[in-house]
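Contents: one structure, followed by commentary.
The values are calculated or read from the model by the stated rules, or taken from the named source; none is laboratory data. Keep in mind that this is a model prediction, so the values were computed, not measured. Glycine gets a Cβ as well: all are built from the backbone with ideal geometry, and neighbour counts include every protein chain shown. Note: accessible area is taken over every heavy atom of the protein model, side chains too, but ligands, DNA and RNA are not part of it. Shrake-Rupley method; radii C 1.70, N 1.55, O 1.52, S 1.80 Å.
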Amino acid sequence: MSIVVCAEQRDGSLRKITLEALSEGKRLAVASGETLKAILIGNGVAGLAEELKKYGADEVAVVDNEALATYKADTYAAVLGSYIVQENPALVLLGHSAMGKELAPRTAARVDCGLVSDCISISFADGDYLFSHPVYAGKAIGSFKVSGSVRMATLRPNVFVVAESEGVGAVADFAPEIPASKVTITGCAMSSGDRPELTEADIICSGGRGLGGPEGFKLIEDLADVLGAAVGSSRAAVDAGWREHSAQVGQTGKVVSPNLYVASGISGAIQHLAGMGSSKFIVGINKDEEANIFNVADYGVEGDLNKVIPALIEKLKEING
Amino acid sequence: MKIVACIKQTFDTEAKIVVGGDGQISDEGVNLIVNPYDEYAVEEAIRTKEKDGGEVVVVTVGGDKAQEALRYCLAMGADRAVLITDPALARADSRAVSVALAKLLSEKEAGFDIIFTGKEAVDDGVAQVPSRLAEKLDLAQANVVTAFEFNDGKATATREIDGGSETLELALPALISAQKGLNEVRYPSLPGIMKAKRKPLEVLALSDLGLSADDVASKVELVAAELPPARKAGQRLIGEVDEVVAKLVQLLQVEAKVI
Ligand SMILES: Cc1cc2nc3c(=O)[nH]c(=O)nc-3n(C[C@H](O)[C@H](O)[C@H](O)COP(=O)(O)OP(=O)(O)OC[C@H]3O[C@@H](n4cnc5c(N)ncnc54)[C@H](O)[C@@H]3O)c2cc1C
Ligand SMILES: Nc1ncnc2c1ncn2[C@@H]1O[C@H](COP(=O)(O)O)[C@@H](O)[C@H]1O
């Protein structure tokens, strides 16, 4: 049997989460004795098979078709579902990205299997897989088992370590029937700038009500620029209209787990911590010595952010040369 | 127009999580609310009805207490409510919930034009039910929607994708999962709360839907929950800005090795 990774690509390159999923798939395949396979869906994407091989894929099913040029839940689920029916894999992995969050459950319903979303670890022992995923926005971690011959999981970005390993990389053409889609994409607007995506970023600089206004985010952006970081926000700053909701971190925003999370002017409410509590290192910059963010911050800087951040930017520029 | 809103009763986001001796999460003494994203779903359903006429039916799979959540939605302005409750659904996973909802919506409550759901439940937070339901009912879907329009029988939705947004036209019937920003949710008015008491709330068991316990067997089982390792307060850096910043940068470079 096999472990299948459903690859995600954008503008002709594989997304980081796909490399993470392949690497994890490979580790599990070694543990369980399965073969690691990948399915690549799109139009003009065949060239990416070579890269999938570099991360351990022994076989790559390429579904290259004009009708699949842009991701749509219904057509992609039909394709992935057909592949699962043909392949009967023990495990199917996708990223917990905007695409994976939608495609995985739609496909799981199609093939009627269990799915654990947003996993932060998967282990194989005694012939079964154990999945762990944060529940109640990270206030607890659940361990789950999935019954049935096929199991599916989506992986939280930035948690699984990427490791190269040479796979066989045999390319298998797969030409399932593709139904007509019930949706038409009429527009697409990508946010400008070349900052990393919030959920994928290694470093995130977030700001809250303590910034005092939308212009306060200029400081956060400048800091993010020297660190190559993404910009996040507390809900208070989103509700005040200083930042788009897509930047909100927390229980009703994005859940992130970067290496470094810098929270400036954020008090550290429980709903905010739920979104960033699993960051590897947390820096809190706050003028209130009793702010709750200091209870979770590895490094708590007590002071006025309007003084601390500019000085920090200067210092970082100095060491960057 | 028949508009359906799927809601789930969840823990208050302030709730402290307690894991019982059985490794399961305890709901004792927890304040229960309508899942925050589902309020956007109900609001959008009501707005669509206010514009184009028809009725709004709120549906949920849950325990008896979920009637309170349904009453809240009726007080907001939904017309009627359906609760599917059954001992066999006590530990329902997303598959089980979507099987029950799909059966309800394809038979007893067939004939809907639009289903609104939340983008995810803030409890077990799996974001599965909407997509599973869309597949089972063979619907066009738009997930994580921040803007919705329904004009001349055409549904248009703007949704979040990684790093941007996308606008979709959907064939009806369609399923829309709501993200924050879709609308401003109204609070129930006093007359609304009074009226809600008399609005129909139907309680159905699996047998009323022609389903057996086997049909809704869960495939995903929570073996055990545990609390994450508590984060400890680390070092506090206090003093002259320049010194503090120099110290911080040094710690990030040498100790944390993150920059
Ligand atoms: C259902 C629900 C869901 C929620 N979901 C989320 C969520 O997903 N994400 C989220 O973030 N919140 C969420 N919240 C809101 C949360 O409870 C808090 O209200 C919010 O996080 C507070 O944002 P804040 O820290 O920016 O603002 P505040 O709590 O007002 O904190 C501002 C901080 O800035 C500090 N400060 C002020 N001036 C300066 C200065 N010059 N220098 C340094 N520090 C300064 C202050 O000391 C204070 O600590 C949710 C709430 C509810 C009820
Ligand atoms: N038990 C349920 N009853 C009705 N609708 C539900 C239920 N569980 C989830 N939903 C709907 O599906 C959305 C996503 O939930 P989930 O897939 O559990 O994250 C929710 O916001 C609800 O709209």
- Would you call A:Gly300 touching a helix residue (DSSP H, G or I) at 6+ places or on another chain (Cβ under 6 Å), open to solvent by less than 30 Å² (accessible area, probe 1.4 Å), near ligand 1 (Cβ under 9 Å from one of its atoms) and closer than 22 Å to A:Arg235 by Cα? no
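Here's a check for you: in the range A:114-140, which residue that is assigned to a loop (DSSP other than H, G, I, E, B) and within 8 Å of chain B (Cβ to nearest Cβ) is modelled with the lowest pLDDT?
Checking each candidate, the answer is A:Ala137.
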- Task: Would you confirm whether any residue within the range A:187-208 is within 14 Å of chain B (Cβ to nearest Cβ), over 30 Å from A:Pro258 (Cα atoms) and touching a strand residue (DSSP E or B) at 6+ places or on another chain (Cβ under 6 Å)?
- Result: yes
- How about the range B:1-17: which of its residues are more than 13 Å from ligand 2 (Cβ to nearest atom) and more than 9 Å from chain A (Cβ to nearest Cβ)? B:Met1, B:Lys2, B:Ile3, B:Asp12
- Message: When you check A:Asp222 against the structure, is it within 24 Å of the chain's Cα centre (by Cα) and away from ligand 1 (no atom under 13 Å from the Cβ), yes or no?
- Response: no
- Counting residues that are hydroxyl-bearing (Ser, Thr, Tyr) and within 26 Å of B:Val144 (Cα to Cα), which helices (runs of 4 or more DSSP H) fully inside the range A:21-113 reach at least 2? A:73-87
- Message: Restricting to the range B:113-142, give me the number of residues that are within 14 Å of A:Ala109 (Cβ to Cβ) and either in a helix (DSSP H, G or I) or more than 10 Å from ligand 2 (Cβ to nearest atom) (or both).
- Response: 12
- Message: I'd like to know if the range A:225-233 contains one or more residues that are near ligand 1 (Cβ under 8 Å from one of its atoms) and in contact with a helix residue (DSSP H, G or I) (Cβ under 7 Å, 6 or more places away or on another chain).
- Response: yes
- Item | Filter result (more than 9 Å from ligand 1 (Cβ to nearest atom) and within 7 Å of chain B (Cβ to nearest Cβ)) within the range A:266-279 | A:Gly277
- Note on the structure: So, first residue within 10 Å of chain B (Cβ to nearest Cβ) in the range A:242-261, second residue acidic (Asp, Glu), Cβ within less than 7 Å, six or more apart or across chains; the pairs are A:Ser246/B:Glu160; A:Pro258/A:Asp202; A:Asn259/A:Asp202
- Among residues of the range A:157-184, those that are modelled with pLDDT under 95 and within 14 Å of chain B (Cβ to nearest Cβ), counted: 3
- Restricting attention to the range B:118-136, does a residue exist that is within 16 Å of ligand 1 (Cβ to nearest atom), out of contact with any helix residue (DSSP H, G or I) (no Cβ under 9 Å at 6 or more places or on another chain), among the small types (Gly, Ala, Ser) and open to solvent by less than 40 Å² (accessible area, probe 1.4 Å)? yes
- Item | Test set (1) more than 7 Å from chain A (Cβ to nearest Cβ); (2) touching a Cys at 6+ places or on another chain (Cβ under 6 Å) - B:Pro173 fails condition number | (2)
- Of (1) of a type outside the set (Asp, Glu); (2) facing another protein chain (nearest Cβ under 10 Å); (3) open to solvent by 20 Å² or more (accessible area, probe 1.4 Å); (4) without any contact (Cβ under 8 Å) to a residue 40 or more places away in the chain, A:Arg106 fails just (3)
- Go through the range B:18-110 and tell me which strands (runs of 3 or more DSSP E), entirely inside it, have 3 or more residues that are within 12 Å of ligand 2 (Cβ to nearest atom), away from every other protein chain (no Cβ under 13 Å) and open to solvent by less than 30 Å² (accessible area, probe 1.4 Å). B:55-61, B:80-84
